[in-house]
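**Student:** Below: one structure in structure tokens.
The values are calculated or read from the model by the stated rules, or taken from the named source; none is laboratory data. Just so you know, these numbers come straight off a predicted model, no measurement behind them. For neighbour counting, all protein chains shown are included, and Cβ atoms are generated from backbone atoms with ideal geometry for every residue, glycine included.
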Amino acid sequence: MKKIKRLAIPILGVLFLLLLSACGNTDSGSEKSNEAKKTVKIITTFYPIYDFTKNIVQDNAEISMLIPAGTESHGFEPSAKVVAAIQDADVFIYNSDEMETWVPSTLEAIDTTKVIVINASEGIEFIEKEDSKEHEEDDEHGEEEHSHAIDPHVWLSPVLAQAEVKTIQMGLAKADKENAALYQKNAEKYIQELTELDQEFKAAFENAENRTFVTQHAAFAYLAKQYGLTQVSISGLSSETEPSPAKLAELSNYAKKNNVNYIYFENNASSKIAETLAAEADIELAVLDPIEGVSQKEQDAGVDYIQVMKNNLESLKKSIQ
Ligand SMILES: [Zn+2]
């Protein structure tokens, strides 16, 4: 700022004013910082929460994401550095105590009068996990079993996603009053896009005769509930390890009996596994992405929550028809 000021001779007066207003958003260290708008620092936990927040805030605040793509969101444990970063932020936004099970103890360790905490799923009615064994291996706190019997994957329902966006927007309105009206406008626009996504799902599945799908990661119960579908989860399947002969026999029987042609994996399974399942059990593989991580590369290529959900819809249409 000082350097700019020295340049601000009358000839450059107009330029100076432009610069001053352009700097106003980011320069909290100037002597004018009492008047200048301070950039609000927001920390989000994992991808859907980041994307929902980004759509509301756009470039009007600094948003970061704690849990990078490729990190198992369910088993995340915050380092001391992460705890310090949350303390240092103006706003901390997460999905739920059921997903980010480390949040309640982390919040106890910091001064929460200094950071606004937004629980995006507040008010949403959670359902019990269909397969409570699914995430057990990530559970290092045996005494917290009750919270692990709850299914945390609310963001995968386009309708509950809208509720989360609204909750985030309401929280941000308190944290960043100057931009509250803008955030409301952006949130409304994004909720409209999510409403259209919901309508696409509804229209696609309305008259389907087969309403059951089989998945390896039981993350889609909220989506299933929303559209009157049934999620069947098969445990002991991985996209990296070949199923045992006993598992293959079990799958083959199940598939024949229930007329199942597809099994959904959370990411692309190795082609070897796909070949084995096709040959031994007459089952094809498809992807249903729980959106627990979207890499920077994918984000740069325009992949976002809505895009992945549209891919999920196309993929589900293979079974639900
Ligand atoms: Zn999950």
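**Student:** For the range 49-71, does any single residue satisfy the condition of being closer than 20 Å to Ile150 by Cα, in contact with a Phe, Trp or Tyr (Cβ under 6 Å, 6 or more places away or on another chain) and within 16 Å of the ligand (Cβ to nearest atom)?
**Tutor:** Going through the range 49-71, the residues closer than 20 Å to Ile150 by Cα turn out to be 49.
Within this subset, residues satisfying the condition of being in contact with a Phe, Trp or Tyr (Cβ under 6 Å, 6 or more places away or on another chain) are none.
No, the range 49-71 has no match at all.
**Student:** Before we move on, is Ala224 out of contact with any Pro (no Cβ under 9 Å at 6 or more places or on another chain) and assigned by TED's automatic domain parsing to the domain that holds Leu277?
**Tutor:** So Ala224 fits the description; yes.
**Student:** So, in the range 297-321, exactly how many residues are touching a Pro at 6+ places or on another chain (Cβ under 8 Å) and either of a type in the set (Val, Ile, Thr) or under 12 Å from Tyr47 (Cα atoms) (or both)? Give the steps one after another, and end with the answer.
**Tutor:** From the range 297-321, those touching a Pro at 6+ places or on another chain (Cβ under 8 Å) are 305, 309; that's our starting set.
Filter again for either of a type in the set (Val, Ile, Thr) or under 12 Å from Tyr47 (Cα atoms) (or both), leaving 305.
Number of matching residues: 1.
**Student:** If we scan the range 231-250, do we find a residue that is in contact with a strand residue (DSSP E or B) (Cβ under 8 Å, 6 or more places away or on another chain), among the hydroxyl-bearing types (Ser, Thr, Tyr) and either closer than 24 Å to Met99 by Cα or modelled with pLDDT under 95 (or both)? Please lay out each step first, then the result.
**Tutor:** Of the range 231-250, the ones in contact with a strand residue (DSSP E or B) (Cβ under 8 Å, 6 or more places away or on another chain) are 231-234, 237, 239.
From the residues that got through so far, the ones that are among the hydroxyl-bearing types (Ser, Thr, Tyr) too are 233, 239.
Within this subset, residues satisfying the condition of being either closer than 24 Å to Met99 by Cα or modelled with pLDDT under 95 (or both) are 233, 239.
Yes, because at least one residue in the range 231-250 is in contact with a strand residue (DSSP E or B) (Cβ under 8 Å, 6 or more places away or on another chain), among the hydroxyl-bearing types (Ser, Thr, Tyr) and either closer than 24 Å to Met99 by Cα or modelled with pLDDT under 95 (or both).
**Student:** Can you tell me which residues in the range 252-291 are assigned to a loop (DSSP other than H, G, I, E, B), away from the ligand (no atom under 16 Å from the Cβ) and closer than 28 Å to Pro152 by Cα?
**Tutor:** Answer for the range 252-291, where residues must be assigned to a loop (DSSP other than H, G, I, E, B), away from the ligand (no atom under 16 Å from the Cβ) and closer than 28 Å to Pro152 by Cα: Val260, Asn261, Asn268, Ala269, Ser270.
**Student:** Restricting attention to the range 292-308, which residues are of a type in the set (Asp, Glu) and either closer than 21 Å to Ala218 by Cα or part of a loop (DSSP other than H, G, I, E, B) (or both)?
**Tutor:** Matches in the range 292-308: Glu292, Asp304.
**Student:** Can you name every one of the helices (runs of 4 or more DSSP H) wholly within the range 42-149 that holds 3 or more residues which are closer than 30 Å to Gly236 by Cα and at pLDDT below 95?
**Tutor:** Helices (runs of 4 or more DSSP H) meeting the threshold: 145-148.
**Student:** Select, from Ala180, Ala208, the only residue that is surrounded by 14 or more Cβ atoms within 10 Å (Cβ to Cβ), outside any helix (DSSP H, G or I) and at pLDDT 95 or above.
**Tutor:** Residue meeting the stated conditions: Ala208.
**Student:** Report whether or not Ala249 is assigned to a helix (DSSP H, G or I) and within 28 Å of Ile127 (Cβ to Cβ).
**Tutor:** No.
**Student:** Going by what's in this entry, would Ala89 be described as surrounded by 19 or more Cβ atoms within 10 Å (Cβ to Cβ), under 17 Å from Asp176 (Cα atoms) and over 14 Å from the mean Cα position of the chain (by Cα)?
**Tutor:** Against the criterion (surrounded by 19 or more Cβ atoms within 10 Å (Cβ to Cβ), under 17 Å from Asp176 (Cα atoms) and over 14 Å from the mean Cα position of the chain (by Cα)), Ala89 qualifies.
**Student:** Okay, moving on. Identify, please: which residue in the range 220-253 is closer than 21 Å to Glu292 by Cβ and of a type in the set (D, E, K, R) and is, among those, surrounded by the fewest Cβ atoms within 10 Å (Cβ to Cβ)?
**Tutor:** Glu240
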